[in-house]
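Read-outs: derived from the displayed coordinates by stated rules, not from any lab. If you're wondering where the values come from, they're calculated on a predicted model, not measured in any experiment. Glycine gets a Cβ as well: all are built from the backbone with ideal geometry, and neighbour counts include every protein chain shown.
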Amino acid sequence: MSASDIVLGFGITVILAVGCQIIAAKFRLPAIVLLLPAGFIAGHYITEVNPEKTLGPAFSPLVGLGVAIILFDGGLDLDFRELEGHSQRVVRRLLLLGIPITFAGAAFLAWLFLGISRSAAIMLGAIVIVSGPTVVTPLLEAARAGRRVSRILGWEGVTIDPFGAIIGAVLFQGLVQHVHLGHGAELLSFLRSIGIGLLGGVIGTAVLWLLLSKLNLSGVLATQAIVATVIGTAALCDARRDDTGLIAAIVMGVALANLPGIDLPEDRRFFKTVVQMVIGLLFISISATVTTTSVRTVLAPTLALIAGLVLLVRPLVAAAATVRTALSIRERAFIGWMDPRGIVAASTAATFGPPLATAGISGADKLLPATFLVIVGTVTVYGLTAAPVAGLLGLTEAREETEAGPEVPPALDIDDAETGEDQEEP
């Protein structure tokens, strides 16, 4: 395509991204509910909007850097003081138990309903492991389901994303290089990826500490330094190993939120503006790569897959994560009814789906459209039902009482202060 086509496509993408977020804010909807169909329709009618045709091979690495910025921002909201006792236990189980349960359940359902090969089903199972702050946060804000449930789901949404992406990257390399599962190579590769991401996060954190604490950068200049450091660190990690930049980004975000001596810029509005713009651009761009023909062929079986994820897999994950904890039945039920998929699932499918199809993996061409439908389906289901379910379970009223009551320290829930139910058992 010519330079004018690329500029036109980018301009339309920006207009759609911002326009959808404005409309969503006015009607109190999660922006993704409008971004995905808008990108899908635009990609069908306007060739210049499809980034695979305008950017080519550069699209995938740019998506990875954009997701790193989003996850870094999510990490900034993860304060360890807000996660103690049984809440911490539940989050830990949602990762240690929830990831393999979701992986296995989604892979089996994909193989059963979509009729794809075992390799493609395993890949789709890895792709839909993730949730993400881009969809969880607005849904929780709309549901007002209580501080403890919200912070548990918030921590899960942010921390599970890099693990799902890394698992997907490891599986992708194994499938492309014809490495047999179960021989230990995948585990070693996974651990190596984690190590690279953690090392990059530590180095990036040290750079941020120098910039913010020693050079005393502040305001817009500090925000620019943060963005540059996150993108630079994530790019270096990804250049060494795919998707390790996501782990580095989260490590840096959590570090800034928790380490003493590192203060966030007083004004995060500029950074939030960057993050929201990136979210809009990514959702529009990725959904523009999905064709109507590919969606039509997987629509019915993917609806069955979504039903299985919502009604079977997620409740099983919630039951395993909350058993023998102080969470009430109502809180456990809400955790079992909240697992939307977001930008990391979309970016992973867009990155690995086409190359696997080219490599001859049967059913790999269905990965991106199926993931697109899973994202749309889960966000629609949870977006329409989160607030009513929270009200039905009586969690909304509890949240309103909390907000109306006296201010408490951030590390302590009002329910915890009165009953001590969120403390570890002896």
Mean separation of Cα contacts under 8 Å (at least 6 apart) over the residue count of the chain, i.e. the relative contact order in percent, is 29 percent
Over the stretch 104-225, what is the mean sequence separation of C-alpha contacts under 8 Å (at least six apart), divided by residue count, expressed as relative contact order in percent? 18 percent
For the stretch 185-311, the dipole about the Cα centre with charges only on Cβ (Lys and Arg +1, Asp and Glu -1), to the nearest 20 debye, works out at 100 debye
In which sequence would PHE113, PHE10 go, from the one with the fewest C-beta neighbours within 10 Å to the one with the most? PHE10, PHE113
For LYS366, which lysines qualify as cross-link partners when the Cα separation must be under 22 Å and same-chain residues fewer than eight apart are set aside? LYS53
Taking the inverse of the average 1/r across all pairs of different Cα atoms in the stretch 269-401, what Kirkwood radius in Å do you get? 16.9 Å
Given q = 0.16, 0.18 Å⁻¹, what are the Debye log10 I(q)/I(0) values for the stretch 1-146, with equal point scatterers placed on the Cα positions and solvent ignored? -1.20, -1.30
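Explain nothing, just the number: dipole magnitude of the chain about its Cα centre with +1 on each Lys and Arg Cβ and -1 on each Asp and Glu Cβ, in debye rounded to the nearest 20.
Result for the chain is approximately 1080 debye, rounded to the nearest 20.
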Counting other C-beta atoms within 10 Å, which of LYS53, LYS272 has the fewest, and how do the rest follow? LYS272, LYS53
Ordering of 208-221, 314-327, 158-171, 13-26 by burial proxy (mean other Cβ atoms within 10 Å per residue, highest first): 158-171, 314-327, 13-26, 208-221
Output for the stretch 7-51 (equivalent-ellipsoid semi-axes, sqrt of 5λ from the C-alpha gyration tensor, Å, descending) is 20, 11, 6
Using label points projected 7 Å from each Cα along Cα→Cβ, tell me how many nm separate LEU198 and LEU392, to one decimal. 4.2 nm
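Quick one: compute the contact order of the stretch 1-98, relative version, from alpha carbon pairs under 8 angstrom and 6+ residues apart, as a percent.
Details: 40 pairs, mean separation 25.2, N = 98.
Relative contact order here is 26 percent.
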May I ask you to sort THR244, THR233 by Cβ crowding, counting other Cβ atoms within 10 Å and putting the fewest first? THR233, THR244
dims of the chain, Cα set, principal axes, largest to smallest, nearest Å -> 61, 53, 49
Run a plain Debye calculation on the stretch 188-275 (Cα atoms as equal point scatterers, no solvent) and give log10 I(q)/I(0) at q = 0.12, 0.17, 0.26 Å⁻¹, rounded to two decimals, same order as the q list. -0.35, -0.66, -1.26
Just to be sure I follow: if Rg is taken over the C-alpha atoms of the stretch 311-370 and Rh is the Kirkwood radius over the same atoms, what is Rg/Rh? 1.22
